[in-house]
Amino acid sequence: MDVVYALSIHATYRCQRSGVCCTSDWDIPVELPLYRSLDAAIATDRLRPAESSSDGDSPFVTEPDLPDGAAAMVARTPSGSCVFFHRGSGLCVIQRDVDETHLPSACKYFPRVAVRDPRGTFISLTHYCPTAAAMLFGPDGPIEIVTSPPAFPSADYEGLRVDKEAWPPLLHPHMLMDLDGYSAWERHMVARCSQSELSPEQIISTLRRDARALRTYTPDTGRLTAAVAGLPLDAVDETADVALDESLLLHAEVLSAVPEDVRPEPDDEGLREAFARWVASEWSEWHTPLRRYLAAKAFANWTAYQGRGVLTIVRGLEAALAFVRVEATRECRNAGRVLDADLLKQAFRATDFVLHHIAVSETLAQAWSRVED
């Protein structure tokens, strides 16, 4: 099996039964062999749904136009919850009464965000999961890439699968990286995010400088890994601008990658005033979770394979930070109070809901790739 890599901040993840993934009104495909097993378990009374479906009929939807590889979809209640979610305990009754191996893949691997390439399997988390979001608020400390993390045993994780014959990520639109070189750049990005003396904005500015320097690499100067190792040790030292206007533009760019039928309605009224009143003076208090969030975006990064270079990756990190800033401001505006841990956690959740669950990743990569021109 592949070697599994994760960030140290995620390595001990364990579901805390928040029930968010089971109550988000999501389509959950059920693979054919699994559907047969679950249908048999229901027929023999080994398994019963916790609630009735919206039509009061079968716990599975077997109508035409199902996703490829699916024999059915899990039915939902009128409120949008999975019919197998037991509200009292927060448990999935499939997992409780049968076993975890009978969970649909979408349930088994949430909230994991995986990239599988010839190097191994790289797993980050979507912080739409409240448990994952809470892990961003742990004590400050090094952020590292770890091997064989306890939370993620070797398995056939769903996610972005890169064929062994596929090209490695681009350094810039006219040159490919090699996988060792890309691994070095990925470690470099995570190491920058671990620098506790830097603000999130300084991390972005420094990585942008580093990406531009790396783009000057030519093969006749040696290996790409050496070029990454030779990047400046110092950081960009000017005071980074924490402002909302540019963030609103990046926020809108991200939302443009969301299909219209699920795109949230614009809700920008009063945000500039709310940012000045509730967020700007408090932002520096939350550098630790914000740096951890950036590390989670730099690691297991889909844009590396879908975009056009290292500057594109940095642009994606900048957009993610901007989206959090806007969503934090919206949370403060709605709550009528200064930014605190609970409001920032909701901002992380709102951001990753868009980035990982409703935006089209290829469209995002295409938009962010414009910085390569």
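Give the number of residues within the range 73-92 that are within 21 Å of residue 57 (Cβ to Cβ), of a type outside the set (Lys, Arg) and not in a strand (DSSP E or B).
8
Could you list all residues from the range 323-352 that are among the acidic types (Asp, Glu) and either under 16 Å from the mean Cα position of the chain (by Cα) or at pLDDT below 95 (or both)?
327, 352, listed by residue number.
Assuming residue 261 fulfils every condition listed in (1) modelled with pLDDT of 95 or more; (2) under 25 Å from the mean Cα position of the chain (by Cα); (3) surrounded by fewer than 23 Cβ atoms within 10 Å (Cβ to Cβ); (4) in a helix (DSSP H, G or I) apart from one, which condition is it?
Of the numbered conditions (1) modelled with pLDDT of 95 or more; (2) under 25 Å from the mean Cα position of the chain (by Cα); (3) surrounded by fewer than 23 Cβ atoms within 10 Å (Cβ to Cβ); (4) in a helix (DSSP H, G or I), the odd one out for residue 261 is (1).
Among the helices (runs of 4 or more DSSP H) confined wholly to the range 178-235, which include 1 or more residues that are polar (S, T, N, Q) and in contact with an Asp or Glu (Cβ under 8 Å, 6 or more places away or on another chain)? Before the answer, list the steps.
Numbers: elements: 179-193, 200-214, 224-229.
Answer list for the range 178-235: 200-214, 224-229.
Is it the case that the range 52-71 has a residue that's closer than 30 Å to residue 180 by Cβ, buried (at least 16 other Cβ atoms within 10 Å of the Cβ) and hydroxyl-bearing (Ser, Thr, Tyr)?
No - not one qualifying residue is present in the range 52-71.
Within the group 215, 187, 192, which residue is open to solvent by 40 Å² or more (accessible area, probe 1.4 Å), among the basic types (Lys, Arg) and within 21 Å of residue 289 (Cα to Cα)?
Going through 215, 187, 192 in turn, just one is open to solvent by 40 Å² or more (accessible area, probe 1.4 Å), among the basic types (Lys, Arg) and within 21 Å of residue 289 (Cα to Cα): 187.
Looking at the range 320-342, which of its residues are open to solvent by 10 Å² or more (accessible area, probe 1.4 Å) and under 17 Å from residue 129 (Cα atoms)?
Step one: filter the range 320-342 for residues open to solvent by 10 Å² or more (accessible area, probe 1.4 Å), giving 325, 327, 330-331, 333-338, 340-342.
Residues satisfying the conditions are 327, 341, 342.
Inspect all residues belonging to the range 114-133 and state whether any of them is open to solvent by 40 Å² or more (accessible area, probe 1.4 Å) and closer than 21 Å to residue 289 by Cα.
So far as the range 114-133 goes, no, none of its residues is open to solvent by 40 Å² or more (accessible area, probe 1.4 Å) and closer than 21 Å to residue 289 by Cα.
Test residue 165 against the stated conditions and say whether it is under 22 Å from residue 310 (Cα atoms), at pLDDT below 95 and out of contact with any Gly (no Cβ under 7 Å at 6 or more places or on another chain).
yes
Those residues that are of a type in the set (Ser, Thr, Tyr) and either at pLDDT below 85 or touching a Gly at 6+ places or on another chain (Cβ under 6 Å) (or both), I need them from the range 63-88; list them, please.
Result: no residue meets the conditions.
List the pairs whose first member sits in the range 207-221 and is over 14 Å from residue 232 (Cβ atoms), whose second member is assigned to a helix (DSSP H, G or I) and acidic (Asp, Glu), and whose Cβ atoms are under 9 Å apart, counting only residues at least 6 apart or on separate chains?
215/372
For the range 72-92, give me each residue that is surrounded by fewer than 17 Cβ atoms within 10 Å (Cβ to Cβ), in contact with a Lys or Arg (Cβ under 9 Å, 6 or more places away or on another chain) and either within 25 Å of residue 352 (Cα to Cα) or among the aromatic types (Phe, Trp, Tyr) (or both).
Of everything in the range 72-92, just one residue is surrounded by fewer than 17 Cβ atoms within 10 Å (Cβ to Cβ), in contact with a Lys or Arg (Cβ under 9 Å, 6 or more places away or on another chain) and either within 25 Å of residue 352 (Cα to Cα) or among the aromatic types (Phe, Trp, Tyr) (or both), namely 90.
Name every residue in the range 1-29 that is open to solvent by less than 40 Å² (accessible area, probe 1.4 Å), of a type in the set (Val, Ile, Thr) and over 17 Å from residue 59 (Cβ atoms), in order of residue number.
Correct list: 4, 9, 20.
If you scan the range 285-312, which residues turn out to be farther than 30 Å from residue 139 by Cβ and either open to solvent by 30 Å² or more (accessible area, probe 1.4 Å) or of a type in the set (Ser, Thr, Tyr) (or both)?
At the first step, the residues of the range 285-312 found to be farther than 30 Å from residue 139 by Cβ are 305-312.
Passing the criteria: 305, 306, 308, 312.
If I filter the range 93-111 for residues that are surrounded by 20 or more Cβ atoms within 10 Å (Cβ to Cβ), part of a strand (DSSP E or B) and touching a residue at least 24 places away in the same chain (Cβ under 8 Å), do I get at least one hit?
no
So if I check each of 179, 125, which one is modelled with pLDDT of 95 or more and over 21 Å from the mean Cα position of the chain (by Cα)?
179
The values are calculated or read from the model by the stated rules, or taken from the named source; none is laboratory data. Keep in mind that what you see is a predicted model, and the values were worked out from it rather than measured. When we count neighbours, we look across all protein chains shown, and the Cβ atoms used for this are built from the backbone with ideal geometry, even at glycine. These accessible areas exclude ligands, DNA and RNA; they are computed on the full protein's heavy atoms, side chains included. Shrake-Rupley method; radii C 1.70, N 1.55, O 1.52, S 1.80 Å.
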